[in-house]
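Working notes, beginning with the structure itself.
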Amino acid sequence: MSVDKEWFKGWNLSGEGIFLSAGPCSAESEEQVLTTARALAGKVDFLRAGIWKPRTRPGSFEGVGLKGLAWLDRARSETGVKVGTEVAEPSHVEACLEYGMDVLWVGARTTTNPFSVQAIADALRGTDIPVLVKNPMSADVDLWIGALERLANAGLTRLGAIHRGASSPLEMRYRNAPAWKMPIELMRRMPEIPVICDPSHICGKSDLIATIAQEAMDLLFDGLMVEVHPDPPNALSDAAQQLTPEQFYHMIGALDLPHEQSESTIFINRMSELREGVDEVDSQLLGLLGKRMEIVCEMGRLKLQENVSTLQPHRWQEILEDRIRKGLSLSLSEDFIQQLMQSIHEEAIRQQEFGRVEGAD
Ligand code: PEP
Ligand code: MN
C-alpha cells in the first residue's frame with residue numbers, strides 16, 4: 001500500500017500541533033457556511049460541512065444537496081480555507097470532483113457496506129484527492145481497514161481515518177461508545193494511516209467533548225474533527241453536540257499534547273523497572289489462565305461422560321456475580337470484569353466443545 005502520513009503533515013496548520021477539521025454537521029444556508037468559514041479560516045486544516053446527510057431514520061433533515069457545494073466553494077474563495085464534505089455514492093464523488101473539493105470523507109453508515117465503499121473507490125480511481133474514512137457503526141476494525149484498502153487499491157495515496165465511536169446498547173454516557181481499542185488496533189495494523197478523532201459524534205453532547213478530545217490526544221491521535229456551528233441550539237442536525245467557534249477555540253487551547261517518549265533518564269529508568277513488573281504479572285496471569293483451562297477441560301470430560309450440558313446457566317450467573325463483587329473490591333470496574341469473565345467463559349466453552357467433538361470420535 002503506497003500510503004503515508006506525509007500529505008497530512010503538510011496540511012498541519014499548527015506545525016508541531018495537530019490536524020484540525022471543524023465546521024457544522026450540515027451546511028444549512030450560504031450565510032451559515034460563510035459565517036463558520038470566516039470564524040475558522042486560517043486556523044483549521046479544512047472546513048467540514050455535510051450536504052448529503054445519511055440519517056438513521058427518515059423524516060429528519062437530509063441535507064441541502066448539490067447547492068451546498070457552491071456554498072463551500074464560495075467560502076473557500078472568500079476565506080482561503082480548504083473545504084470537505086461526506087460522500088456516500090458515486091454521484092456525490094463526481095459532483096465533489098467537479099467542484100474541486102479539497103477533501104472527502106466516507107461516513108460511518110457507508111463504511112459499513114463494502115459495496116458502497118467499492119463504488120466510491122471506483123469513482124475516485126485516477127484522482128488523488130485526500131479521503132478520510134470514518135469507522136463503521138459497529139466496532140468492527142476489519143470493515144474499517146477493508147474500506148481503507150479498497151481506496152488504496154483504487155490508487156489513492158492520501159488517506160486517513162476518523163474515529164467516531166461505535167453504537168453500543170450498553171453505552172449510557174455517550175452517544176457512541178468510545179471503543180478505543182478499535183482505533184488503537186487500526187494504528188497498530190496500519191501505522192501509515194493518520195487517525196483523527198471525532199469527539200462530537202462520540203459524545204453527542206457539547207459539554208463532554210473536551211474530555212474525549214483530551215483522551216484522543218493522550219492516545220496519540222493525529223488530530224480532531226469537531227462539529228462547530230455559529231448557532232448550535234438552532235442547528236438542523238446534531239444540535240446538542242455542536243460547539244460555537246469560541247467554545248471550539250477554548251477547547252483546543254486547553255488541550256495538552258503529550259509526546260510518545262521522554263528524554264529524562266530518571267523517567268526512562270523508572271518506567272523500565274515498572275514494565276518489568278508488568279511483564280512478570282502478565283506471565284503469572286497467563287500461567288493461571290492455562291491452569292484454569294486444564295481444570296475446565298477435566299470438567300468437560302466429566303460432563304461428556306454424564307451427558308451433562310456444556311453451558312451451566314446457574315453456575316455461570318454465580319461466577320459472574322461473584323467475580324464482579326470481588327473485582328469491585330479491588331477497584332476494577334464492573335464492565336471490565338464482565339468483559340474479562342465473558343472472554344474467559346467463551347474460551348472455556350470453546351475448549352469443552354472441542355473436547356466433546358474429539359471425545360465423540
Ligand atoms: C457527520 O459527520 O455529520 C456524520 C453523519 O457522522 P457519522 O458518519 O460519524 O455518523
Ligand atoms: Mn453530525
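Listing for the model above:
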{"quantity": "Close pairs (6 angstrom Cβ cut-off, 6 or more residues apart or separate chains): among the aliphatic types (A, V, I, L, M) in region 188-203, outside any loop (DSSP other than H, G, I, E, B) and within 11 Å of ligand 1 (Cβ to nearest atom) anywhere", "calculated": "I196/I162; I196/M225"}
{"quantity": "Pair list, Cβ under 8 Å, 6 or more apart: region 28-52 residue at negative phi and within 16 Å of ligand 1 (Cβ to nearest atom), other residue in a helix (DSSP H, G or I) and among the small types (G, A, S)", "calculated": "V33/G68; V33/A75; T36/A75; L47/A37; L47/A75; A49/G68; I51/G68"}
{"quantity": "Checklist (1) closer than 21 Å to L170 by Cα; (2) charged (D, E, K, R); (3) surrounded by 14 or more Cβ atoms within 10 Å (Cβ to Cβ) applied to E321, failing item", "calculated": "(3)"}
{"quantity": "Cross-chain or 6+ apart pairs with Cβ under 6 Å, region 222-236 first and within 18 Å of K134 (Cβ to Cβ), then among the small types (G, A, S) and more than 15 Å from ligand 2 (Cβ to nearest atom)", "calculated": "L224/A213"}
{"quantity": "Number of the exception - S77 against (1) farther than 24 Å from I209 by Cβ; (2) away from ligand 1 (no atom under 16 Å from the Cβ); (3) over 26 Å from the mean Cα position of the chain (by Cα); (4) part of a loop (DSSP other than H, G, I, E, B)", "calculated": "(4)"}
{"quantity": "Residue under evaluation A22, criteria (1) touching a strand residue (DSSP E or B) at 6+ places or on another chain (Cβ under 9 Å); (2) part of a helix (DSSP H, G or I); (3) closer than 23 Å to S237 by Cα, criterion not met", "calculated": "(2)"}
{"quantity": "Selection within region 178-234 - under 18 Å from T244 (Cα atoms), within 16 Å of ligand 1 (Cβ to nearest atom) and of a type in the set (V, I, T)", "calculated": "I202, I209, I212, V226, V228"}
{"quantity": "Region 220-232: number of residues that are out of contact with any strand residue (DSSP E or B) (no Cβ under 8 Å at 6 or more places or on another chain) and within 22 Å of R173 (Cβ to Cβ)", "calculated": "0"}
{"quantity": "The one condition in (1) more than 16 Å from ligand 2 (Cβ to nearest atom); (2) of a type in the set (A, V, I, L, M, F, W, C); (3) over 24 Å from E192 (Cβ atoms) that F61 fails to fulfil", "calculated": "(1)"}
{"quantity": "Filtered residue count, region 28-58, keeping only those that are among the hydroxyl-bearing types (S, T, Y), within 15 Å of ligand 2 (Cβ to nearest atom) and at pLDDT 95 or above", "calculated": "1"}
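The values are calculated or read from the model by the stated rules, or taken from the named source; none is laboratory data. This structure is a prediction, so every number in the text was calculated from the model and none was measured. Please note: Cβ atoms are built from the backbone with ideal geometry, for glycine as well, and neighbour counts cover all protein chains shown.
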